[in-house]
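Structure, as structure tokens:
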Amino acid sequence: LFAGEVDFLKGVVAMSGLPPADRLEVCFAGRSNVGKSTLINALTGRKRLARASNTPGRTQEINYFTLGGSRYMVDLPGYGYAEAPVAVVEKWQRLLKSYLSGRQTLRRAFVLVDSRHGIKKVDEEIMSLLDSSAVTFQVVLTKADKIKEKDREKMLAQVREKLSKHPAAYPELISTSSEKGDGITTLRAVIAGLA
Ligand code: GDP
């Protein structure tokens, strides 16, 4: 769907660096190691595309990718690592807040959650920020191949229960495995279908 038309555009460190808001965009957020880069690569059919955003120095940037001519895909840095200096974290949080509350063309945030671990405190924090920014977010469960069938329903129930407390949460979950390819077509279709 997006193959051949996907490219890294730029890393943004300040609101002034955002590309013109001339098309709708979606963003991806999640704890470090949740499988975000792997998912973006699977989604776009471009191996190592999202690696740019994982290289040191890029981690505090809002990374823009073009999806054909009609959408931007935005990779937000993984959170949950406390290694960065406080000043850097605070600067990043200010940028994140400005971005989430000020970007008119941001249609949906996909919050990635590891199928085995469920929603953690840092996920709750970003979800609350999305609530207050009035950005609809949808949970994408990652690494579905790593959870046993019998544990699956319990995890889904836990995630749904937590989401019920977030007004900006889109109720439908998308379960994915970048390894097996599960859910990738669904996620692609959701992005393509946003208007
Ligand atoms: P990021 O920090 O969120 O960008 O995470 P990565 O995409 O780098 O993935 C973290 C680790 O999880 C890597 O070792 C990946 O190979 C692994 N991983 C990512 N997606 C999947 C998946 O769908 N299934 C399995 N089994 N492993 C995955």
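Each reported figure results from applying straightforward, stated rules to the coordinates on display, with no laboratory input. Not measured: the values here are computed from a predicted model. Methodologically, a virtual Cβ is constructed for each residue, glycine included, from the backbone with ideal geometry; neighbour enumeration extends over all protein chains shown.
General observations
- Annotation for the range 153-172: no member residue is touching a residue at least 40 places away in the same chain (Cβ under 8 Å), under 15 Å from the mean Cα position of the chain (by Cα) and within 16 Å of the ligand (Cβ to nearest atom).
- The sole residue among Leu129, Leu100, Leu106, Leu112 that is closer than 16 Å to His166 by Cβ and in contact with a strand residue (DSSP E or B) (Cβ under 6 Å, 6 or more places away or on another chain) is Leu112.
- Condition met for Glu179 (in contact (Cβ under 8 Å) with a residue 24 or more places away in the chain, of a type in the set (Asp, Glu) and within 14 Å of the ligand (Cβ to nearest atom)): yes
- Check on Ala189, within 26 Å of Gly69 (Cα to Cα), touching a Lys or Arg at 6+ places or on another chain (Cβ under 9 Å) and either hydrophobic (A, V, I, L, M, F, W, C) or away from the ligand (no atom under 16 Å from the Cβ) (or both): no
- Selection count, the range 77-125, where residues are polar (S, T, N, Q) and closer than 20 Å to Gly35 by Cβ: 1
- The residues listed here are Val159, Val122, Val140; of these, the one that is closer than 10 Å to Val111 by Cβ and either surrounded by fewer than 20 Cβ atoms within 10 Å (Cβ to Cβ) or out of contact with any His (no Cβ under 6 Å at 6 or more places or on another chain) (or both) is Val140.
- Filtered by the rule that a residue be under 16 Å from Val111 (Cα atoms) and in a helix (DSSP H, G or I), the range 178-195 gives Ile184, Thr186, Leu187, Arg188, Val190, Ile191.
- Sub-7 Å Cβ pairs linking a first residue in the range 109-126 that is in contact (Cβ under 8 Å) with a residue 40 or more places away in the chain to a second residue that is within 12 Å of the ligand (Cβ to nearest atom) and assigned to a helix (DSSP H, G or I), at least 6 apart or interchain, are Leu112/Lys36; Leu112/Leu39; Ser115/Ala144; Ser115/Lys146, ordered by first then second residue.
- Every residue from the range 11-53 that is in a loop (DSSP other than H, G, I, E, B), surrounded by 17 or more Cβ atoms within 10 Å (Cβ to Cβ) and either free of Cβ contacts under 8 Å to residues at least 40 places away in the same chain or within 11 Å of the ligand (Cβ to nearest atom) (or both): Val34, Gly35
- Residue satisfying all of: in the range 162-177; among the small types (Gly, Ala, Ser) and closer than 16 Å to Ala109 by Cβ; surrounded by the most Cβ atoms within 10 Å (Cβ to Cβ) among these: Ala169
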